[in-house]
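Notes follow the structure.
The values are calculated or read from the model by the stated rules, or taken from the named source; none is laboratory data. Computed from a prediction, not measured in an experiment: that's the story for all the values here. Every residue, glycine as well, gets a Cβ built from its backbone with ideal geometry; the counts of neighbours run over all protein chains shown. SASA here: full protein model, heavy atoms, side chains in, ligands and nucleic acids out. Shrake-Rupley method; radii C 1.70, N 1.55, O 1.52, S 1.80 Å.
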Amino acid sequence: MQTAAFPSFGPLSGTAEADAAVIGSGIVGLSTAWELARAGLSVVVLEADRLASGVTGHTTGKLTALHTTVYDMLRTKHGDDAARQYAASQSSALRHVVDVAGELGIGCELETRPALTYCEQPEGVEALRAEAEAARSAGLTASFVTETGLPFPVAGAVRVEDQAQFHPLKYLRGLVDDLVARGGRIHEGTRVTDLDYGDPCRLTTDAGATVSARHVVVATHHPLFDNAVLSTRLTQHRDLVIAGSLPAGRDPEGMYITEEGGKRSVRTAPLADGSRLLIVTGEMFTPGTGADTEAGYARLQTWAEEHFPGFTIGYRWAAQDNSATDHLPLIGRLPGGGDDVYVATGFAGWGMTGGVLAATIISTLVSGGEEPWSGLYDPRRIGSALRSAPTFLKAQWDTGKHFVKDRLDTLGDGTHGPVRSLEPGEATVVRVGGKPCAVHRDDQGELHAVSAVCTHLGCIVGFNNAERTWECPCHGSRFGIDGEVLQGPALRPLERQDPGEL
Ligand code: FES
């Protein structure tokens, strides 16, 4: 985000009309908007914050069809044909980025690299041999190897050739420029708060502006306006990321991932002085569950320093991903949203190829074409769950209710010790007048108090001590210490409380 600049676009006011409205401006939203504009549709993009400032702005930018050990799992759970379609579709998204970058002349640090899933422990070898065989059967140029470019020995690895890494925001900047040149309209600082399905659909923003559009694309990572319980089919996780310089000659020349040790994902990127930036991801956790994220960053840094001698940390950040419960992304028509509302989510951390693939699928569906892989990713595949929706929803409600009750029962009374004993940087959730209250003491000693009840569906938020955010364990909404929405599906801030009562 420091090395790619976007122009600024003002918020929407008044009314607007377009063939297609795209909510969200990550790789799904901007790629879809660009595809639709190229197909001749009038397009408006509505972004609550700044362009690509959400999940896409925090990705490591791997473009690969090797997704850890997905192929052995896919052929076991969904069959050989599903594994083949998955490999072909993800590979086609990779090629599409290469083609579009070439067509538009986008300088986005696109580098061809092998992708490897490795293990250091011998116990992991059998699973990786199976994955290599499954990936090869699915159509990838995959092999099992014991030598890699990593500066430490591995017990084994799956290696897939001719994958790629890139600077996703530089790529999207190229799409934005071309989108605007084609007449596409973009509005930042414009949060869509309501969507009426109809013909056309009607969107309302937090400032009271409205948009009429025949087609609507919900590209908000976690799906908004989710009438059809997609939320209950998604699990959230958050990864910590660190990056820093690597001495010359130490580039491992590949993109690596292992599930061992809380997961580790590694790639490098070019720096202006010709050296390389090492990017390391890991320490996955469920948001809002009280994980000690400061300790997680420390473990990640120690691991990087031990495994990559000479590494010097320069940056740290975190990224949030979601996964569908059947392990396949959800791309296509939003269940319950009619024929003209589309959604793309559940990329399980592989949103670069998944996001570009979503753009090509949705743009094909919008133009009335038959998309070869849409069946695999169709969100309506959860139809059997929907048929049992009342039972399912009740179970979900019971779970949430108990979750809230259990948390409430454990909360201390905020009028006593817990708040007064908070050190700077610490936070707690307490009961005040019987209601859960989230309290943080900032570095200056000032208390910030908000309701601890998530404004999405009412779960109790938990604190992230490294990012200083309140996070919801149910569907991953994130809030600032004063309650502002940082990430949906929540649309409204946490209600502010008077810290003077504590
Ligand atoms: Fe759904 Fe909080 S994000 S209840």
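Quick look at the values:
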quantity: The range 197-229, residues that are within 21 Å of Thr345 (Cβ to Cβ) and charged (D, E, K, R); calculated: Asp226
quantity: Residue under evaluation Leu330, criteria (1) within 23 Å of Thr232 (Cβ to Cβ); (2) free of Cβ contacts under 8 Å to residues at least 60 places away in the same chain; (3) crowded, with 19+ Cβ neighbours inside 10 Å, criterion not met; calculated: (2)
quantity: Val43 being open to solvent by less than 30 Å² (accessible area, probe 1.4 Å) and over 20 Å from Gln487 (Cα atoms); calculated: yes
quantity: Filter result (within 18 Å of Leu12 (Cα to Cα) and open to solvent by 40 Å² or more (accessible area, probe 1.4 Å)) within the range 172-186; calculated: Val180, Gly183, Arg185
quantity: Identity of the residue in the range 286-327, touching a Lys or Arg at 6+ places or on another chain (Cβ under 6 Å) and open to solvent by less than 30 Å² (accessible area, probe 1.4 Å), that ends up farthest from Leu240 (Cα to Cα); calculated: Ala324
quantity: Any hit, the range 356-372, residues being open to solvent by 30 Å² or more (accessible area, probe 1.4 Å), on the phi > 0 side of the Ramachandran plot and modelled with pLDDT of 75 or more; calculated: yes
quantity: Arg202 being basic (Lys, Arg), away from the ligand (no atom under 16 Å from the Cβ) and closer than 30 Å to Ala295 by Cα; calculated: no
quantity: Entirely in the range 70-159, the helices (runs of 4 or more DSSP H) that have 2 or more residues that are small (Gly, Ala, Ser); calculated: 80-104, 125-137
quantity: Residue pairs meeting the criteria (Cβ under 6 Å; at least 6 apart or on separate chains; first closer than 24 Å to Tyr315 by Cα and of a type in the set (A, V, I, L, M), in the range 461-479; second open to solvent by less than 20 Å² (accessible area, probe 1.4 Å) and more than 13 Å from the ligand (Cβ to nearest atom)); calculated: Ala466/Thr293; Ala466/Tyr297
quantity: Lone qualifier among Ile257, Ile279, Ile331 - being in contact with a helix residue (DSSP H, G or I) (Cβ under 7 Å, 6 or more places away or on another chain), hydrophobic (A, V, I, L, M, F, W, C), part of a strand (DSSP E or B) and modelled with pLDDT of 95 or more; calculated: Ile331
quantity: Count of the range 449-468 residues which are away from the ligand (no atom under 13 Å from the Cβ) and more than 12 Å from Gly425 (Cβ to Cβ); calculated: 2
quantity: Neighbours by Cβ (under 9 Å, 6+ apart or cross-chain): first from the range 237-252, at positive phi and free of Cβ contacts under 8 Å to residues at least 12 places away in the same chain; second open to solvent by 10 Å² or more (accessible area, probe 1.4 Å) and assigned to a strand (DSSP E or B); calculated: none
quantity: Test result for Phe285, aromatic (Phe, Trp, Tyr) and either touching a Gly at 6+ places or on another chain (Cβ under 6 Å) or free of Cβ contacts under 8 Å to residues at least 60 places away in the same chain (or both); calculated: yes
quantity: Cβ-Cβ under 8 Å pairs, at least 6 apart or on other chains, the range 268-281 side touching a residue at least 12 places away in the same chain (Cβ under 8 Å) and open to solvent by 20 Å² or more (accessible area, probe 1.4 Å), far side β-branched (Val, Ile, Thr) and in a strand (DSSP E or B); calculated: Arg276/Thr268; Leu277/Thr268
quantity: From Leu494, Leu502, residue being open to solvent by 10 Å² or more (accessible area, probe 1.4 Å) and either near the ligand (Cβ under 9 Å from one of its atoms) or touching a strand residue (DSSP E or B) at 6+ places or on another chain (Cβ under 9 Å) (or both); calculated: Leu502
quantity: Within the range 1-40, tally of residues that are small (Gly, Ala, Ser), open to solvent by 40 Å² or more (accessible area, probe 1.4 Å) and modelled with pLDDT under 95; calculated: 1
